[in-house]
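One structure is given below, encoded as structure tokens.
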Amino acid sequence: MERDSSSTSSSSSSSLDESDSQIHRFRGSDEIPLSYSDAAEQRPTFDVESLRSRLTRSFKLNITKRQFIVIFLPLVLVFLYLSTDFSNYFFSVKVPDSVFRPITGTGRAQESDLQALYLLRKQEIDLFSIWNHTLSNLSTIEDVKSAVFRQISLNRQIQNALLSPHKTGNVSIDGSSDGLPVGSCRKVDQKLTGRKTIQWKPRPDKFLFAICLSGQMSNHLICLEKHMFFAALLKRILVIPSHRFDYHYSRIIDIDRINTCLGRNVVVSFEEFWKKDKNRKKHHHVHINRFICYFSKPEPCYVDKEHITKLKALGITIGGKLDTPWEEDIARPSNKTAEEVETNFRSDDDVIAIGDVFYANVEREWVMQPGGPIAHKCQTLIEPNRLISLTAQRFIQTFLGKNYIALHFRRHGFLKFCNAKNPSCFYPIPQAANCITRLIEKVEAPVIYLSTDAAESETGLLQSLLMLNGKTVPLVKRPARDSAEKWDALLYRHGLEGDSQVEAMLDKTICAVSSVFIGASGSTFTEDILRLRKDWGTASDCDEYLCQNEQPNFVADHE
């Protein structure tokens, strides 16, 4: 399992690597009578038709004092107590004409009436509970917000139940055409039109060695992506590092696909470069003419004697000393422009190396836009290889289904790392569970995929606290290898089973295609998932960091 060091703010993964690990439509109601006959067993003299007429009369402005207190007053008082604007949730329903159609039978109408009555009774009980709890205990604002939101969700269910016999097609009660209720989590419109890009047209005899040394795999993938931008600016072919010096990139990403996306050869593996260079110059080593460091502090390129030894062991020789074009500190990276990079890193040498650009802050808005800064015909240049993507799809079909929340729950090494920041990003389990539950209420997903490096004691407590309307919301982690299960057969057949980096990328892929994603603030594992969601068009307006905009309710003292 790839584990990020706290100093590099790397990421976690599911029993995998990268300091992360194993990382859903939940109907927020208890048991609901689904048929008239079921309800009749409890109330044999129940007259649906007469009840319907009574309900019609009771909602015609002749509301009694008791009805007003029971139904409306608690909501008004809670609203005033919170001083929060819920105008987006408490809306008057204007049903378009296209919603209704003639009722062809009374069965569905009777069932929906019974269901609505059950939910109204449940809402009445819950509102009394909120009212009594608020007066006697003055609970926290977040607790009351959560309770009120549950009532809003319940109110929507009642509206849907009453309208269900009259609906046609996918029109919802608010008139939208996608069937999603108001406030649902929708996909983010990435507005790809007018995207700013640069053409990557390298000179065939000019190469750039990517040197990425800080942090773990997620850091290195981000570093590699930035190297592509540098290579495009400098019109050079990018040489992917050897697995004997860096990670085994060919097992995780599809290098050839990058060339296909651009329609020309822009990247080459170290092994391919070695063959071409040997045939061209008839020698038995690769020579880097110039080694340029993006940062000068705390040490140039993070390259030490051990790394130099590894490079020499690969048959690589380096001309001259490590060079840096400016004074730049990793702790305080300055904003740089594309023109500054072109000017300071331009060289006529055949082979140059640049390291380490992970912390480089060059044209941030340009680089961070969906699809990245380089013109290409794919969604994104760096993504999981086909075997990992297919395995993720098979896992989702087996265990999760289309609608699920993904949670990256980073814990290992994160306590010290987060507490060094102000505010801290490490949350007590009960507080984390409360934050997650509020999002579950909004998403209505039946399961959560858990990518974590947390101990079983922590995940077990978290699972016990994730309840919605009296039902447990399961946390699903990738199980250990079982020959009876076939979802991971592709990895097994191709010798990728048990590779911690492959498992980390598998976790990222499952998280990247979820309905909603909850990430860990400060984790590059999370940041790489957010990049994939943005590029793949799966990002939701409900995506957030765990307990976003909240501070931990308890923080330990420093050592």
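The values are calculated or read from the model by the stated rules, or taken from the named source; none is laboratory data. Everything numeric in this text was worked out from a predicted model, so none of it was measured. Every residue, glycine as well, gets a Cβ built from its backbone with ideal geometry; the counts of neighbours run over all protein chains shown. Surface areas here come from the heavy atoms of the whole protein model, side chains and all, with no ligands, DNA or RNA. Shrake-Rupley method; radii C 1.70, N 1.55, O 1.52, S 1.80 Å.
Before moving on, here are some points about what is shown:
- Rounded to 5, the percent of DSSP beta bridges in segment 207-383 classed as antiparallel: 0
- Per residue accessible area of segment 207-383, 1.4 Å probe, in Å²: 44
- In this structure, the residue pairs whose Cα-Cα separation is over 22 Å, taken from Lys201/Lys297; Lys477/Lys508; Lys206/Lys534; Lys122/Lys471, are Lys201/Lys297; Lys206/Lys534.
- Accessible area per residue for segment 471-559 is 43 Å², calculated with a 1.4 Å probe on protein heavy atoms, without ligands, DNA or RNA.
- Spread over its residues, the convex hull of the C-alpha atoms of segment 371-418 is 164 Å³ per residue.
- Projected label points at Glu485 and Arg244, each 7 Å from Cα along the beta carbon direction, are separated by 3.7 nanometres.
- Each Cα pair under 8 Å and six or more residues apart adds its separation to the average, and for segment 369-470 the resulting relative contact order is 32 percent.
- A Cβ-based charge dipole, computed about the Cα centre of segment 207-383 with Lys and Arg at +1 and Asp and Glu at -1, lands at about 720 debye.
- Cα convex hull of segment 385-545, projected area averaged across orientations, nm²: 9.8
- Ordering of 470-479, 307-316 by packing is 470-479, 307-316, highest average first (other Cβ atoms within 10 Å, averaged per residue).
- Of the peptides 205-213, 515-523, 115-123, the order by per-residue mean of other Cβ atoms within 10 Å, starting with the highest, comes out as 515-523, 205-213, 115-123.
- Within the accessible surface of segment 207-383, defined with a 1.4 Å probe on protein heavy atoms only, the carbon and sulfur portion equals 49 percent.
- Peptides 506-512, 269-275, 350-356 ranked from most to least packed by the mean count of surrounding Cβ atoms within 10 Å: 506-512, 350-356, 269-275.
- Inverse mean reciprocal Cα-Cα distance (Kirkwood Rh) of segment 207-383, Å: 16.5
- Relative contact order (%) - criterion: Cα under 8 Å, at least six apart; region: segment 207-383: 32
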